[in-house]
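Student: Below is the structure I would like to discuss, written out as structure tokens.
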Amino acid sequence: MWGLDFSQLDWNEMTQASYDTLSMMGYSLLFTIVIGLPLGIILYMTARSNSLVFRWTYRVISFVVNILRSIPFVILIISLLPLTKLIVGTTLGVTGTIPPLVIGAAPFFARLVETSLREVDWGVIEAAHAMGASTGQVVRRVLLPESLPGLIAGATITAVTLVSYTAMSGMVGGGGLGDLAIRFGYYRYEKEVMIIAVLFMIVLVQILQMAGDRLVVHFTRK
């Protein structure tokens, strides 16, 4: 049909590429949340502070975050090759892709965290302070629980973004479905590989979005 022959596909290689994509996305999402969540909290807290030091802290961090968010990922991953080599010892495969993925996604997630925290009713925060809660207690017991649906939605958006980033990393030997699609689907004109790789990524994005939506609905109803 349409000149396509799927019988010649190497399904073992396709399975390995799918696993590599899941590994890149999973590990990168984990480190992105570990870095981006506290960074977003810092952005939120320093933006609301009356202290001049904290105000300047916000401006500096916000400036760096905006710079990293404005750089296209393909350019970012190439420019970070020396740093990636220094951190993990390689610039290829799953391991060599995780550092630029995290550096590219963490600022993006941090902004989503900041936005979610801003949606929390300020009256609830003031009430917690009035009851003697410290800043740390307000963050743990008020801000994070109240903004949890927004944080889950932000993590879902970030996960979907990371899937597209992993595809772009294939241009520099990052592995996964993107690498497979470029090496075989583009350079060797094997349209079948390109089609299957795209379909697999569409299914992955749909699963991530549905799972995220279910979690948001679940915690919103609580």
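Student: Pick from 133, 155: which is modelled with pLDDT under 85 and under 27 Å from residue 48 (Cα atoms)?
Tutor: 133
Student: Taking residue 80 as the residue in question, decide whether it is open to solvent by 70 Å² or more (accessible area, probe 1.4 Å) and either more than 22 Å from the chain's Cα centre (by Cα) or more than 30 Å from residue 145 (Cβ to Cβ) (or both).
Tutor: Here the answer is no, as residue 80 does not meet what is asked.
Student: Which ones in the range 30-40 are touching a residue at least 12 places away in the same chain (Cβ under 8 Å) and open to solvent by 30 Å² or more (accessible area, probe 1.4 Å)?
Tutor: Once the filter is applied, which keeps residues that are touching a residue at least 12 places away in the same chain (Cβ under 8 Å) and open to solvent by 30 Å² or more (accessible area, probe 1.4 Å), the range 30-40 yields 31, 33, 35, 37, 39.
Student: Another one. Name the single residue that is farthest from residue 114 (Cα to Cα) among those in the range 41-60 being aromatic (Phe, Trp, Tyr) and surrounded by 12 or more Cβ atoms within 10 Å (Cβ to Cβ).
Tutor: 54
Student: From the set of residues in the range 83-108 that are buried (at least 19 other Cβ atoms within 10 Å of the Cβ) and polar (S, T, N, Q), which is farthest from residue 67 (Cα to Cα)?
Tutor: Checked the range 83-108; the qualifying residue farthest from residue 67 (Cα to Cα) is 91.
Student: Report, by residue number, each residue of the range 162-212 that is at pLDDT below 80, open to solvent by 30 Å² or more (accessible area, probe 1.4 Å) and of a type in the set (Phe, Trp, Tyr).
Tutor: Once the filter is applied, which keeps residues that are at pLDDT below 80, open to solvent by 30 Å² or more (accessible area, probe 1.4 Å) and of a type in the set (Phe, Trp, Tyr), the range 162-212 yields 186, 187, 189.
Student: Also, quick follow-up: Scan the range 82-94 and tell me whether some residue there is closer than 28 Å to residue 153 by Cα and at pLDDT below 90.
Tutor: Yes, some residue in the range 82-94 is closer than 28 Å to residue 153 by Cα and at pLDDT below 90.
Student: Now a separate question. Can you name the helices (runs of 4 or more DSSP H) wholly within the range 85-201 that have at least 3 residues being within 24 Å of the chain's Cα centre (by Cα) and farther than 16 Å from residue 28 by Cβ?
Tutor: 93-118, 148-169
Student: Could you go through the range 9-29 and let me know if any residue there is out of contact with any Gly (no Cβ under 9 Å at 6 or more places or on another chain), open to solvent by 50 Å² or more (accessible area, probe 1.4 Å), modelled with pLDDT of 90 or more and not small (Gly, Ala, Ser).
Tutor: The answer is yes; a qualifying residue exists.
Student: Residue 156 is checked against (1) touching a residue at least 24 places away in the same chain (Cβ under 8 Å); (2) open to solvent by 20 Å² or more (accessible area, probe 1.4 Å); (3) under 30 Å from residue 203 (Cβ atoms) and fails just one. What number does that condition carry?
Tutor: (2)
Student: In the range 129-147, how many are surrounded by 17 or more Cβ atoms within 10 Å (Cβ to Cβ) and either at positive phi or of a type in the set (A, V, I, L, M) (or both)?
Tutor: The qualifying residues number 5.
Student: Are any residues in the range 109-128 surrounded by 16 or more Cβ atoms within 10 Å (Cβ to Cβ), in contact (Cβ under 8 Å) with a residue 60 or more places away in the chain and farther than 12 Å from residue 36 by Cβ, and if so, which ones?
Tutor: Passing the criteria: only 117.
The values are calculated or read from the model by the stated rules, or taken from the named source; none is laboratory data. None of these values were measured; they are calculated from a predicted model. No Cβ is skipped: glycine too gets one built from the backbone with ideal geometry, and neighbour counts run over all protein chains shown. Side chains included, ligands, DNA and RNA excluded: accessible areas come from the protein's heavy atoms. Shrake-Rupley method; radii C 1.70, N 1.55, O 1.52, S 1.80 Å.
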